[in-house]
1. Looking only at region 54-65, which residues are within 14 Å of L99 (Cα to Cα) and not aliphatic (A, V, I, L, M)?
2. Taking K70 as the residue in question, decide whether it is under 18 Å from T2 (Cβ atoms) and in contact with an Asp or Glu (Cβ under 9 Å, 6 or more places away or on another chain).
3. Exactly one condition in (1) of a type outside the set (D, E, K, R); (2) in contact (Cβ under 8 Å) with a residue 12 or more places away in the chain; (3) out of contact with any His (no Cβ under 9 Å at 6 or more places or on another chain) is not met by P53; state its number.
4. Of all the residues that make up region 56-97, how many are in contact with a Gly (Cβ under 7 Å, 6 or more places away or on another chain) and among the hydroxyl-bearing types (S, T, Y)?
5. State all residues of region 35-44 that are open to solvent by less than 40 Å² (accessible area, probe 1.4 Å) and small (G, A, S); if no residue qualifies, say none.
6. Looking only at region 56-78, how many residues end up being polar (S, T, N, Q) and free of Cβ contacts under 8 Å to residues at least 24 places away in the same chain?
7. Please list, ordered by residue number, the strands (runs of 3 or more DSSP E) wholly in region 1-42 having 2 or more residues that are under 13 Å from the mean Cα position of the chain (by Cα).
8. Looking at this structure, is P81 touching a residue at least 40 places away in the same chain (Cβ under 8 Å) and touching a strand residue (DSSP E or B) at 6+ places or on another chain (Cβ under 7 Å)?
Amino acid sequence: MTKRTLVIGASLKPERYSNIAIKRLRRYQHDVKAFGLKSGEVEGVPIDTELMPYQDIHTVTLYLNPQRQKPYYDYIVGLNPERVIFNPGTENSEFYNVLEQQNIPYEVACTLVLLATDQY
């Protein structure tokens, strides 16, 4: 089953985990949307630099450190995703509380590992 995924903190740099995640998600046939600071394209996925009103987002996977996440809390909650993944380095107990109050599940996990172990 394909899960529409929004990568927040997307990078054009091929060595960045967000970039690798976009490629891997595409390889696993997931519909991918991406938001980052610089526009461009990764594996045919455009990186938006403005927050878009995406519909039917199943998973938001974060590649922003906790200090940079706060401006996006309301946006992410407003997408009403089925889950939010906090990749290594993005752990944020304040945001966990926000998500819990909105009944939005979250995982502290690595998107790449979840994909590789068929747990995505």
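The values are calculated or read from the model by the stated rules, or taken from the named source; none is laboratory data. On a predicted model such as this, the values are computed, not experimentally measured, just so you know. A quick note on method: Cβ atoms are made from the backbone with ideal geometry, for glycine too, and the neighbour counts reach across all protein chains shown. Just so you know, the surface numbers come from the protein's heavy atoms only, side chains and all, with ligands and any DNA or RNA stripped out. Shrake-Rupley method; radii C 1.70, N 1.55, O 1.52, S 1.80 Å.
1. Listed by number, the residues that qualify are T59, T61.
2. no
3. The one condition P53 does not meet is (2).
4. Residues in region 56-97 being in contact with a Gly (Cβ under 7 Å, 6 or more places away or on another chain) and among the hydroxyl-bearing types (S, T, Y): 1 in total.
5. Of everything in region 35-44, those that are open to solvent by less than 40 Å² (accessible area, probe 1.4 Å) and small (G, A, S) turn out to be G36, G40.
6. Total satisfying the criteria: 1.
7. Working: elements: 5-8, 32-35, 40-42.
Those strands (runs of 3 or more DSSP E) span 5-8, 32-35.
8. Spelling it out, P81 is indeed touching a residue at least 40 places away in the same chain (Cβ under 8 Å) and touching a strand residue (DSSP E or B) at 6+ places or on another chain (Cβ under 7 Å).
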